[in-house]
1. Just the number, please: carbon plus sulfur as a percent of the accessible area of the range 13-162, 1.4 Å probe, no ligands or DNA/RNA counted.
2. Could you give the nm distance between label points at VAL109 and VAL213, where each point is 7 Å from its Cα heading toward the beta carbon?
3. With the contact rule set at Cα under 8 Å and sequence spacing of 6 or more, what percent relative contact order holds for the chain?
4. Can you pull the percent of the range 177-245's accessible area that's carbon plus sulfur, 1.4 Å probe, other chains left in place?
5. Would you look at the GNM of the chain, springs on alpha carbons closer than 10 Å, and say which of ARG228, ARG113, ARG91 moves the most?
6. For the chain, modelled as a GNM with alpha-carbon contacts under 10 angstrom, which of GLU139, GLU197, GLU178 fluctuates the most?
7. From a point 7 Å beyond the Cα of ALA88 in the direction of its Cβ, which residues of the range 109-149 have a backbone N at a distance under 12 Å?
8. Considering only ALA221, SER148, PRO193, whose Cα is most displaced toward the positive end of the charge dipole of the chain, charges sitting on Cβ of Lys, Arg (+1) and Asp, Glu (-1)?
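The values are calculated or read from the model by the stated rules, or taken from the named source; none is laboratory data. Remember, predicted model here, so these are calculated numbers, not experimental data. Counting neighbours? That spans all protein chains shown, and the Cβs are built from the backbone with ideal geometry, glycine included. Note: areas computed on protein heavy atoms with side chains; ligands, DNA, RNA excluded. Shrake-Rupley method; radii C 1.70, N 1.55, O 1.52, S 1.80 Å.
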Amino acid sequence: MTAAPTDRPALWRATVLTLFPEMFPGPLGISLAGRALASDLWALDARDIRASATDRHRSVDDTPAGGRPGMVLRADILAAAIDAAAVAPDRPRLLMSPRGRPLTQSRVVELARGPGPLIVCGRFEGVDQRVIDARGLEEVSIGDYVLSGGEIAAIALIDACVRLLPGVMGKEASGAEESFSEGLLEYPQYTRPQLFEGVPIPEILTSGDHAKVAAWRRAQAEALTWARRPDLWTARPGQKAPKSTTDG
Ligand code: SAM
């Protein structure tokens, strides 16, 4: 018997391995992501690493080899938890880690297009290197600072992916002009009132001239990126200083 044809792609799913499954869905259960979760536009499994512990104290960590304060998540327990999750081989296996490659919007887009990741949340001093190697975990960082656990990082990553899934954002196009979508930061936004503490909305935005509005927004986005994020600016091939910063 062949499977019934369906227009709907398989559900995007995040499988999270954590010592604190009660932290999920957390903020992912409200607003855009929460409504989408309730409408089955994506799925979330938060699994307790401790369920794979074998001793009567359900221990998951031990002291670092070589000495140093703190504890390390054990390779055997974490490997058992990963194996028990039995995720399909085409799903990315991520480990949230300050040592990882910094998360970018282009990686988020890739992850949102795929079947959805398995995400391991570290705790304590981190995770035994052998399980990272043995289970091919891709280390992902959400910034150059240290959190006390991987859960908040995982929530940030999942939120960034979920809002890109088909049907989640109100308007399909609303992600197209956002920060990072073309290697640029977003232009400044304004809304009513027309006058706020004596400062009006830039006249061009209320002119009704769509071409001029688009050109103004582009110039603002370029000037902001050039001033605030030279790393993003120089990553765009053949970039000189933006026009608005060299005018006048
Ligand atoms: N000893 C580790 C180090 O110096 O790299 C830090 C461990 S941190 C206290 C515990 C866990 O929080 C990590 O294993 C990781 O899962 C998570 N974490 C902390 N900072 C993170 C970041 N910037 N991005 C992603 N995950 C992070």
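1. 52 percent
2. If labels sit at VAL109 and VAL213, their model points lie 2.4 nm apart.
3. Across the chain, relative contact order equals 17 percent.
4. That fraction is 56 percent.
5. Greatest mean-square fluctuation among the candidates belongs to ARG228.
6. Ranking GLU139, GLU197, GLU178 by mean-square fluctuation puts GLU197 first.
7. Those under the cut-off are 114-117.
8. ALA221
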